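Report on the structure given below.
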Amino acid sequence: MSHQGFRFDDYHIWGEFWHSLNSEWEHMEYVYKFEKFWGRGSYPPEKILISSEDYDTIMKSLNEPPKPIPALTELLNRKTPFEND
């Protein structure tokens, strides 16, 4: 196989170039991005199986946000030293 006709400043053919080197180039790129974010050796991701009751509990807690903490709300509403009076 010859890659003599490929120029790396022709961005629209990069996909064809990598596909010609590795027939699963899409998978290769996905694994790279996945491991870049989660760390080396993290692909494939683990599967976690939970019961339907636990799933319903998780979804309920996600859909109902917790009550705001007054001290935290007060802290976030304070003016910063950089704000004009």
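For Pro45, what is the net charge nearby, where nearby means another residue's Cβ is under 15 Å from its Cβ and Lys, Arg count +1, Asp, Glu -1?
In short, +2.
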Checklist entry - Could you give me the ³J(HN,Hα) list for segment 43-58, computed from phi with Karplus coefficients 6.51, -1.76, 1.60 and θ = phi - 60°, whole Hz, x at Gly and Pro? => result 9, x, x, 6, 9, 10, 9, 10, 6, 5, 5, 5, 4, 4, 5, 5
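We did not get these values from a lab; they are worked out from the coordinates using the rules stated. Keep in mind that what you see is a predicted model, and the values were worked out from it rather than measured. All Cβ positions, even for glycine, are placed from backbone atoms using ideal geometry, and neighbour counts span all protein chains on display.
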